[in-house]
1. Here is a list of conditions, (1) buried (at least 22 other Cβ atoms within 10 Å of the Cβ); (2) over 14 Å from residue 261 (Cβ atoms); (3) in contact with a helix residue (DSSP H, G or I) (Cβ under 9 Å, 6 or more places away or on another chain), and residue 74 meets all of them except one; can you say which number that is?
2. Of everything in the stretch 99-126, what is more than 16 Å from ligand 2 (Cβ to nearest atom) and assigned to a helix (DSSP H, G or I)? Give them in sequence order.
3. Taking the stretch 178-192, which residues are in contact (Cβ under 8 Å) with a residue 60 or more places away in the chain and surrounded by fewer than 18 Cβ atoms within 10 Å (Cβ to Cβ)?
4. In the stretch 100-132, which residue that is within 14 Å of ligand 1 (Cβ to nearest atom) and free of Cβ contacts under 8 Å to residues at least 60 places away in the same chain is nearest to the chain's Cα centre (by Cα)?
5. Mind checking which residues of the stretch 343-371 are over 24 Å from the mean Cα position of the chain (by Cα) and in a loop (DSSP other than H, G, I, E, B)?
6. Is it the case that the stretch 394-412 has a residue that's within 16 Å of residue 10 (Cα to Cα), assigned to a loop (DSSP other than H, G, I, E, B) and modelled with pLDDT of 95 or more?
7. Quick check on the stretch 208-221. Is at least one of its residues more than 14 Å from ligand 2 (Cβ to nearest atom), in a strand (DSSP E or B) and either in contact (Cβ under 8 Å) with a residue 12 or more places away in the chain or more than 20 Å from residue 339 (Cβ to Cβ) (or both)?
8. Is at least one residue of the stretch 235-258 part of a loop (DSSP other than H, G, I, E, B) and in contact with a strand residue (DSSP E or B) (Cβ under 7 Å, 6 or more places away or on another chain)?
Ligand code: AMP
Ligand code: GLY
């Protein structure tokens, strides 16, 4: 079958890597892709948000099945447009993707259905929001309602920080996405990413992963898209995993179906494991990145029949097998990320890193210019290693990172620290 993957990050490289290995794949196309994906798929320069361009591409390339990576085209209705054109798609409708596109929708859905999440209030003006901050007391978390590429959340330890965030959001920092603002209680605990394939009714969990959202070692500094990840997430014990399925994932899938917005695609719950049990920080309507770069390498089964099964409403008959190996991914980013960063610097010696056993290098912000591989984005590479233990995977991933010659890049040196701080089981 002819498959199109939409997107250009490390997540899409990992998806292309897995789909290219499927027995069902005849042709793999990626829009727009990146320099790494170009080794596996035909990359076509159509932006992930160019819905009309993607529909034309599907016709030109006789695409049978589309896998959508990022949230923006989903929220804009790409899956709806493809379905209307008779093209099979893995990814939710715009109505179902609202679970990520509107944090207010997500929080209210959780509240209505008793899905555990931090107590919150929604505000449409700064004065009332400020008054609530004073009444409730810090720490509090301030969130813009709409999609702002992961930048719309401020964890405020002081009243001044909370008030400044409210002012910035209502002042238009995020445009329309900041017209409504959530103020919620701050949860304490360890974060895990729980992703399930969903076919509208059934929910098939993937291996859990842990992300490292802060830019600095020891989880300090500003939030990023994710600086590294590992799987399995030991903090999520089998008992907790059962609780997440029973209290969070299945109720969310049922709630969306009952609202007339059946969810088809990858449903990602960002969870805080609190003393009172797992609580929802957010839902995303897609695979996580870099989580995808550690989850897919651990998958023994062919991913494509599972994605098609989700799209066909047939997940109940799909079973996934996993390797017992752990996977750990270190993200290399351009110096300055998540703020302003340079572009166009050459990256050398990648082949040496890729030649190490059980190492996969996924590209995110890379391009090829005059035959040279160059850094283009904020997050540029994801270096994943698989090994029998997480500690060995960490050692191998950093051994590969150290072979890459890219002076303008940086990474966190402590990916996996929370799991490795406790003695290995
Ligand atoms: P979100 O985009 O909602 O996942 O928020 C981004 C990050 O902010 C999360 O990964 C958490 O680290 C943090 N965060 C969000 N909500 C809360 C909360 N209620 N309590 C503590 N931290 C939070
Ligand atoms: N790694 C976080 C995310 O994909 O949203």
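1. Tallying (1) buried (at least 22 other Cβ atoms within 10 Å of the Cβ); (2) over 14 Å from residue 261 (Cβ atoms); (3) in contact with a helix residue (DSSP H, G or I) (Cβ under 9 Å, 6 or more places away or on another chain), residue 74 fails exactly one: (2).
2. Result: 104, 105, 107, 108, 109, 110, 111, 112, 126.
3. 185, 186, 188, 189, 190
4. Step by step, filter the stretch 100-132, then rank; the result is 102.
5. Selection gives 344, 345, 347, 349, 356, 357, 370, 371.
6. Taking every residue of the stretch 394-412 in turn, at least one turns out to be within 16 Å of residue 10 (Cα to Cα), assigned to a loop (DSSP other than H, G, I, E, B) and modelled with pLDDT of 95 or more.
7. Within the stretch 208-221, one or more residues are more than 14 Å from ligand 2 (Cβ to nearest atom), in a strand (DSSP E or B) and either in contact (Cβ under 8 Å) with a residue 12 or more places away in the chain or more than 20 Å from residue 339 (Cβ to Cβ) (or both).
8. The answer is yes; a qualifying residue exists.
The values are calculated or read from the model by the stated rules, or taken from the named source; none is laboratory data. What you see is a predicted model, and the numbers here were worked out from it, not measured in a lab. Every residue, glycine as well, gets a Cβ built from its backbone with ideal geometry; the counts of neighbours run over all protein chains shown.
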